[in-house]
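To start, the structure itself, in structure tokens.
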Amino acid sequence: MVNDNFDVVLSVDRTLMTNHHGKEFLGFMTTGPPILVPEKVWMAIAAPKMEVDDIGRPREAPYGLRKIEAALLDAGIKAAVIDPDHLGKHLKNAKVLGIGHHDYFALGPPSSEWWVLTGKEPVNARYFKRFMEKPEIRAAKNNGLKIIVGGPAAWQWLWMPEYFEKWGVDTIIEGEAEKIIVSLVKDALDGKPLPQYVYVGFKDVPLLEEIPLIKNASVNGLVEIMRGCPRGCRFCSVTLRPLRHYTLEMIEKELQVNKSAGLDRCLLHSEDILLYGADGIRPKPEPLIKLHEMAKSYFEIVGWSHVSLSAVKYAQENYSL
């Protein structure tokens, strides 16, 4: 029998808890408002419901939530990612609800541009607000549930303090949370007071060997290959993180997790795929070839999340990659 008595539930609204029909970048439709079609049709195209097991755990889940889930499981904490439609099965017993999002209130690009151009609130903000207003979340909060939020859009809560108060959010984590989340959750489970805001600075991020490896499948087989960026652009928050290249062994273990879940493709993720194993900002062929040969040994379809034209140009001119 499956043990479904989780102390920590991790979830997010439907705009992120979806695999976008296996087409990752179709998800950008959720950063805008419905255009020419009703919202339900728009969402059916962009963000269909996820396949779940009998207790509501999704087959695939956002990579960030999977990392937090892995950190908690490694620490011996009973935690699981749960689909938003199945929260009612778990929040009566859970003590902590963890939420991660790319754009809570549609303040980041490209959501903000769509909002300005159309004058209409994008669906990601709409669905997140509805998520937080779910009766099961409100009831659990009234019964003492602790709510911890984080992810790339954690900064947006600082600009929306009225929602922080309205929904009873306990802690905002800004920055890489895998290292700090365990102590925060343990404090929550022990009934200790939680800080309202935690900033994970350069010196506090997890070292490479401290980054947990996912235990369950990520959306569309997304697998991180490095963190940070060597370019050092002063306007970009990514350069505030130390540069860490995953070892091939680490990457392979996450590929295996997705393969064992029945996924038929993978999506390699970093700020610039061609800088994996690079000499500064100059791509090197050896680590890239080894990476892709390994990925292709598991999946016929191997995609990239991001790449810069300058890296493509350099790799082509110098190595004919």
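Since every read-out is calculated from the coordinates, none of them should be taken as a lab result. Since the structure is predicted, the reported quantities are computational estimates derived from the model, not experimental observations. No Cβ is skipped: glycine too gets one built from the backbone with ideal geometry, and neighbour counts run over all protein chains shown.
In segment 46-57, the residues that are over 22 Å from residue 79 (Cβ atoms) reach residues that are exposed (fewer than 15 other Cβ atoms within 10 Å of the Cβ) with C-beta atoms within less than 8 angstrom, at least six apart or across chains, in these pairs: 48/21. The listed residues are 272, 279, 264, and the only one of them that is among the acidic types (Asp, Glu) and more than 29 Å from residue 60 (Cβ to Cβ) turns out to be 279.
Note on segment 206-250: among residues that are charged (D, E, K, R) and closer than 19 Å to residue 272 by Cβ, the one that is surrounded by the most Cβ atoms within 10 Å (Cβ to Cβ) is 224. Scanning segment 24-78 for residues that are of a type in the set (A, V, I, L, M) and over 28 Å from residue 306 (Cα atoms) yields 36, 37, 41, 52, 55, 72, 73, 75, 77.
Residue 148 meets the stated requirement of being touching a Ser or Thr at 6+ places or on another chain (Cβ under 8 Å) and crowded, with 22+ Cβ neighbours inside 10 Å.
Candidates 4, 13: the one that is closer than 30 Å to residue 143 by Cβ, crowded, with 24+ Cβ neighbours inside 10 Å, of a type in the set (Asp, Glu) and in contact with a His (Cβ under 9 Å, 6 or more places away or on another chain) is 13. Elements of the type helices (runs of 4 or more DSSP H) sitting completely within segment 227-321 and holding at least 3 residues that are on the phi < 0 side of the Ramachandran plot, over 22 Å from the mean Cα position of the chain (by Cα) and of a type in the set (Ser, Thr, Tyr): these cover 309-319.
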